[in-house]
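Taking it in order: structure first as structure tokens, then the write-up.
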Amino acid sequence: MSELYRIPFSPRLVALALAAVVLVPAPFDGSARTPDDHGTIISGRAVVIDGDTLEIGGERIRLEGIDAPEADQTCGGGWFGMWKCGRAATEQLRWLTGGRRIDCESAGRDKYGRVLGWCSAGGRDLNAEMVRTGHAWAFVKYSTRYQALEAEARRSKVGVWKGDAEPAWVFRERRWAAAEPAAPKGCAIKGNVTANGHIYHMPWSPWYAKVRIEPAKGERWFCTEAEATKAGFRPAMAP
């Protein structure tokens with residue numbers, strides 16, 4: 001995904017790339033991406049969904065090139081051995097964005113329609129700040145832009161680097177694997193109907209274990225986030 005590198009054209013490389021697209025199934029974390037709206041600027045006040053997701057004017061924006069701990073995730077290295085790194089990441093992003101105009105340049109969209117954004121506040125790169133302070137990992141699967149900053153954070157032992165921490169993508173995979181066998185047909189996403197609307201919970205949601213699906217209320221299980229979104233459900237926000 002990084003726009004920093006250009007690969008010389010090669011028919012053989014193109015053929016291999018196309019084969020990979022066909023042969024490798026898209027993971028559930030939304031990795032399939034499209035160039036739609038690339039370069040578009042979205043600006044305004046932001047609502048923080050979690051440590052790497054914002055909403056501006058109803059547009060959901062996933063910070064590109066980083067992956068923050070999930071809301072329910074804990075990491076090692078706190079005063080009592082563990083600390084709530086997921087909650088801390090959300091609070092850090094809230095502090096960085098609070099009351100400020102946010103400008104996000106689109107790097108395309110993921111398969112759920114979310115904008116993949118390079119976001120800033122007053123000229124400060126929000127994606128970079130989350131990695132620099134140890135509140136997110138550089139998501140090198142998609143971009144190497146913040147790899148050097150991650151190395152600095154690791155040397156300084158800040159945030160997730162002050163103790164043992166499971167990368168967010170590993171945490172999600174493990175939670176999904178644990179929830180899948182108990183879910184109907186392996187569809188582990190819970191669609192909950194509440195007074196606040198139709199909300200879906202991923203297996204790593206803080207409320208996932210408490211949600212009970214009641215079909216009579218219009219609640220249901222989903223196999224993918226795209227399916228949940230199409231049915232009119234929105235993701236749960238971090239506490």
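The values are calculated or read from the model by the stated rules, or taken from the named source; none is laboratory data. Everything quoted here is computed from the prediction, not taken from an experiment. Cβ coordinates were reconstructed from backbone atoms using ideal geometry, including for glycine residues, and neighbour counts include every protein chain displayed. Heads up: the accessible areas ignore ligands, DNA and RNA and are worked out on the full protein's heavy atoms, side chains in. Shrake-Rupley method; radii C 1.70, N 1.55, O 1.52, S 1.80 Å.
Between T224 and T144, the FRET efficiency estimated from the beta carbon spacing at R0 = 30 angstrom works out to 0.60. Applying the criteria of a DSSP loop state and at most 15 other Cβ atoms within 10 Å to the trypsin sites (Lys or Arg not before Pro) of segment 201-239 yields R212. Across the protein chains, with a 1.4 Å probe defining accessible surface, the residues C75, C223 rank C223, C75 from largest area downward. Ordered from largest to smallest accessible area (heavy atoms of protein chains, 1.4 Å probe), the residues L116, L149 come out as L149, L116. Among residues other than G123 with Cβ under 14 Å from its Cβ, the summed charge is -1 (Lys and Arg +1, Asp and Glu -1).
Full extension of the chain between E180 and A151 yields a length gain of 7.0 nm, computed as 0.36 nm times the residue separation minus the alpha carbon distance.
In the structure shown, the pairs K141/K230; K111/K217; K157/K190; K84/K111 are assessed against 31 Å; a Cα-Cα span above that value is assigned to K157/K190. Accessible area per residue (1.4 Å probe, heavy atoms of protein chains only) ranks D164, D125 as D164, D125, with the largest value leading.
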